[in-house]
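For reference, the structure discussed in these notes is given below.
Just so you know, all these numbers are worked out from the coordinates, no wet-lab data involved. None of these values were measured; they are calculated from a predicted model. Virtual Cβ from ideal backbone geometry, glycine too; neighbours counted across all protein chains shown.
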Amino acid sequence: MICLNCYNDTNFETKKEHETIVVRGEDIEIESEVTYCKNCNAKVWNEELDNNNLIKAYELYKKNHGLLTSSDIKFIRENYNISQSTFSRILGLGEKTITRYENGSIQDTAQNNLILLAKNINNFKVLFEKQKSILRPEEIAKIEEILSGREVKLLFNNQNATAYGIKDLFFGGFTYEEQQRQYEFKSAV
């Protein structure tokens, strides 16, 4: 980093300030972190902080428009214990699409809805079966083991969901707790 005003390259500080970032034509207000030169008090470009500020604005935009956040998408994918590229292929998206979304890029409504539907294990199974021919044998085996039901109960629970800010996970149209009650009811009858 170098201050282009006084050519200082060692003496900087980071300050928090309110900033408006335009995202898809909409003003998004965030508290950003900005680097200043301690010698002349000029703003200094800091690639890492600027990228973080942009991602903050994107995440707020997503929340304001009812889109899944990056952490929501990551949570859904991790519950199936699969890589970003495998999840992308199962969804029928480009190889790096999920990587971009998990790193902060904003998904379109259609892709958002597809990912949201994949949260439901029954929908995920349909997509997996449809895309099985383009997956590697080890990916197929891993996913089939997860979908067999032995790991599903361990992977999908509301304690993990709370950590990612997702209230309910859905199983065939039911939340995890509803599905468990239904299972217990059927077992008792």
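Odds and ends about this structure:
- Among the listed pairs Lys16/Lys56; Lys96/Lys142; Lys15/Lys74; Lys62/Lys130, those beyond 25 Å (Cα-Cα): Lys15/Lys74; Lys62/Lys130
- Taking a ≥ b ≥ c as the square roots of the eigenvalues of the alpha carbon gyration tensor, the stretch 79-126 is oblate, as a/c is not under 1.5 and a/b does not beat b/c.
- Seen from all directions on average, the stretch 12-64 presents a Cα convex hull projection of 3.6 nm².
- Centre separation in Å (Cα based) which lies between the stretch 109-136 and the stretch 13-86: 28 Å
- Derived scalar couplings between HN and Hα for the stretch 9-20 equal 10, 9, 10, 10, 9, 10, 10, 9, 8, 7, 9, 10 Hz in order, rounded to whole Hz, by the Karplus curve 6.51 cos²θ - 1.76 cosθ + 1.60 (θ = phi - 60°), x for Gly and Pro.
- Computed from label points 7 Å out along Cα-Cβ, the spacing between Lys96 and Lys132 is 3.1 nm.
- Counting charges near Ala118 (Lys, Arg +1; Asp, Glu -1) among other residues having Cβ under 11 Å from its Cβ returns a value of +3.
- In plain terms, the bigger the Kirkwood radius, the slower the diffusion; for the stretch 11-143, with that radius from Cα pairs, at 10 °C and 1.306 mPa s, Stokes-Einstein puts D at 95 µm²/s.
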